[in-house]
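Asker: Have a look at this one.
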Amino acid sequence: MSEFNRKDALVIEDSLNTDIKGGLQSGIDTCWVNRTGQISPAEIKSTYTISNLMELTSIC
């Protein structure tokens, strides 16, 4: 995608070890959907953390 701009993108996922970590490594902001109240490991810090998808309205 030649027109892709990482600053305009947001990875929204519930998997820290694959999707959120991958987004962070790619320089893309991330939003972790943490429905169960897990504690993230120190090395994986999502840009945003929400507990349900309705909370995306305050981010986007």
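The values are calculated or read from the model by the stated rules, or taken from the named source; none is laboratory data. As the structure is a computational prediction, the values presented were derived from the model and not from experiment. Cβ coordinates were reconstructed from backbone atoms using ideal geometry, including for glycine residues, and neighbour counts include every protein chain displayed. Just so you know, the surface numbers come from the protein's heavy atoms only, side chains and all, with ligands and any DNA or RNA stripped out. Shrake-Rupley method; radii C 1.70, N 1.55, O 1.52, S 1.80 Å.
Asker: Starting from the Cα of Leu56, step 7 Å along the direction of its Cβ; do the same at Glu43; then give the gap between the two resulting points in nm.
Answerer: Rounded to a tenth, the inter-label distance reads 2.9 nm.
Asker: Based on the mean of other Cβ atoms within 10 Å per residue, sort peptides 41-53, 23-35 so the most packed one is first.
Answerer: On the way: 41-53: 13.1, 23-35: 16.9.
Per-residue mean Cβ counts within 10 Å order the peptides as 23-35, 41-53.
Asker: Determine the sum of side-chain charges near Ser46: Lys and Arg each +1, Asp and Glu each -1, restricted to other residues whose C-beta is under 14 angstrom from that of Ser46.
Answerer: Details: positive: Lys21, Arg35, Lys45; negative: Glu13, Asp14, Asp19, Asp29, Glu43, Glu55.
Surrounding charge for Ser46 is -3.
Asker: Additional query: Defining a contact as two alpha carbons under 8 Å apart and six or more residues distant in sequence, what relative contact order in percent does the chain show? It would help to have the intermediate numbers written out before the result.
Answerer: Values: 79 pairs, mean separation 16.9, N = 60.
Normalised by residue count, the contact order of the chain is 28 percent.
Asker: A follow-up question, please. Could you tell me what percent of the accessible area of the chain is made up of carbon and sulfur, with a 1.4 Å probe and every protein chain present? Spell out each step's value before the answer.
Answerer: On the way: 2130 of 4380 Å².
Reported share for carbon and sulfur atoms: 49 percent.
Asker: What is the Cα radius of gyration of the chain over 2.2 N^0.38 Å, N being its residue count? Write out the running numbers ahead of the final one.
Answerer: Working: Rg = 11.6 Å, N = 60, 2.2 N^0.38 = 10.4 Å.
Expressed relative to 2.2 N^0.38 Å, the Cα Rg reads 1.11.
Asker: Per residue of the range 4-12, in order, report the coupling 6.51 cos²θ - 1.76 cosθ + 1.60 (Karplus, θ = phi - 60°) as ³J(HN,Hα) in whole Hz, putting x for Gly and Pro.
Answerer: So the J values, rounded to whole Hz, are 5, 10, 4, 6, 9, 10, 8, 8, 10.
Asker: Measuring with a 1.4 Å probe in the full set of protein chains, what accessible area per residue, in whole Å², belongs to the chain?
Answerer: Solvent-accessible surface per residue comes out at 73 Å².
Asker: Select from Ser58, Val11, Ile44 the residue farthest towards the positive end of the dipole of the chain; place +1 on Cβ of Lys and Arg, -1 on Cβ of Asp and Glu, and compute about the Cα centre.
Answerer: Ile44
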